[in-house]
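Peer 1: Mind having a look at this structure? Questions to follow.
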Amino acid sequence: MNVSAPHPEVGRELVGEPYALNEAEAHAYAAAIERPAERHPRPSIHNDPQAARKAGFRAPIAAGEQSYALVANFLVDRFGVCFLHGGKLEAIFLKPVFYGQRLTVHARVLARGRSATELEVWVENEDCDRVLTGKASVPAAEHESELA
Amino acid sequence: MARAMNEDERLLMCPENLREGMKLGPIFYVVMPEQVEAFARATANANPLYTSPSERIAPPTMRLQDYGLLIAAHFRGGSGGIHARHRSEFYEPMRVGQTVRTDGRITRTWRKRGKFYFELEYESRDAETEELLVRHAMTAVLLREGAMQ
């Protein structure tokens, strides 16, 4: 969605499309975040079973920021480019995401003000466990603030 | 005197070397269309904002990993950091072809239940106009000496 969409009413829950976070997606994400690659990849909790176990995980885990990216993308998709002109997002990474899990972004409208809409946001895995939780603020589109 | 190629003067990534107020960066880069496309693909996002020739903006968190570059430019080490919290404020989208400057600062360090935490704030600006594009703050826990992962 390129234009700013009307903001939904308070209490409304929005749900994104499920995203399967497999190793292939994780590798694609890792390859995409640095262009050109500026650091040498090294064993980490994201790609090395031993490093993951040392850190207390049963297997390598996905980067939390990949889940965070899903939320940010969802907010742009749902509310338009206005999110990139004054939007805010804050989140805590609650649980590790293991490769093969299916993630879904959720958002619930907490308040609609003249200048912004406030949302609770979270990401669930296929067991409906929250792996990320936080809040977001989306600036009101110009036509909305004029009408408010 | 010329330095040996393999000389590494970066600090070891450990609690003793992470101090509040420490400045990291700057780093510079150009927003590349290949990265925009790769990031959109990796996150299964087909929004035309990232692909349309008339738009060509970067997905909001495409350069979130700049914190890793800021850290790697100042610190060396093995493994052992976990991202615990993240905060972002978006002011203007990054655009393809734009030259960006990112600066960071360690804003807070603390210990809790035997673990060492730090907060790194970093912001990206248009390198030419200095227009603020995005500001991030990431909180990480350093499990043992080593760089963020």
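Peer 1: Going by the structure shown, is B:ALA72 over 15 Å from the mean Cα position of the chain (by Cα) and among the hydrophobic types (A, V, I, L, M, F, W, C)?
Peer 2: no
Peer 1: Hey, another quick one. Please tell me if A:GLY16 is at negative phi, surrounded by 15 or more Cβ atoms within 10 Å (Cβ to Cβ) and at pLDDT 85 or above.
Peer 2: yes
Peer 1: Moving to a separate point now. What is the one condition in (1) over 18 Å from B:ASP66 (Cβ atoms); (2) assigned to a loop (DSSP other than H, G, I, E, B) that A:HIS46 does not satisfy?
Peer 2: (1)
Peer 1: Could you list all residues from region B:24-45 that are more than 7 Å from every other protein chain (Cβ to nearest Cβ) and in contact with an Asp or Glu (Cβ under 9 Å, 6 or more places away or on another chain)?
Peer 2: B:LEU24, B:GLY25, B:PRO26, B:ILE27, B:TYR29
Peer 1: Something else about it: Among strands (runs of 3 or more DSSP E) lying entirely in region A:54-148, which contain 3 or more residues that are modelled with pLDDT of 95 or more and in contact with a Pro (Cβ under 7 Å, 6 or more places away or on another chain)?
Peer 2: Counting at least 3 such residues, we get A:101-112.
Peer 1: In region B:17-68, what count of residues is obtained for those that are farther than 19 Å from B:GLU92 by Cβ and of a type in the set (Val, Ile, Thr)?
Peer 2: Counting residues in region B:17-68 that are farther than 19 Å from B:GLU92 by Cβ and of a type in the set (Val, Ile, Thr) gives 2.
Peer 1: Being hydroxyl-bearing (Ser, Thr, Tyr), in contact (Cβ under 8 Å) with a residue 40 or more places away in the chain and open to solvent by less than 50 Å² (accessible area, probe 1.4 Å) narrows it down to one of B:TYR50, B:TYR29, so name that one.
Peer 2: Being hydroxyl-bearing (Ser, Thr, Tyr), in contact (Cβ under 8 Å) with a residue 40 or more places away in the chain and open to solvent by less than 50 Å² (accessible area, probe 1.4 Å) holds for just one of B:TYR50, B:TYR29, which is B:TYR29.
Peer 1: Within region B:6-23, is there a residue that is without any contact (Cβ under 8 Å) to a residue 40 or more places away in the chain and either farther than 30 Å from A:PRO60 by Cβ or facing another protein chain (nearest Cβ under 9 Å) (or both)?
Peer 2: yes
Peer 1: Conditions: (1) more than 10 Å from chain B (Cβ to nearest Cβ); (2) free of Cβ contacts under 8 Å to residues at least 40 places away in the same chain. A:GLY56 meets all but one. Number of the miss?
Peer 2: With (1) more than 10 Å from chain B (Cβ to nearest Cβ); (2) free of Cβ contacts under 8 Å to residues at least 40 places away in the same chain applied to A:GLY56, the lone miss is (1).
The values are calculated or read from the model by the stated rules, or taken from the named source; none is laboratory data. Worth saying up front: this structure is predicted, and the values here are computed from it rather than measured. We place every Cβ from the backbone using ideal geometry, glycine too, and count neighbours over all the protein chains shown. Side chains included, ligands, DNA and RNA excluded: accessible areas come from the protein's heavy atoms. Shrake-Rupley method; radii C 1.70, N 1.55, O 1.52, S 1.80 Å.
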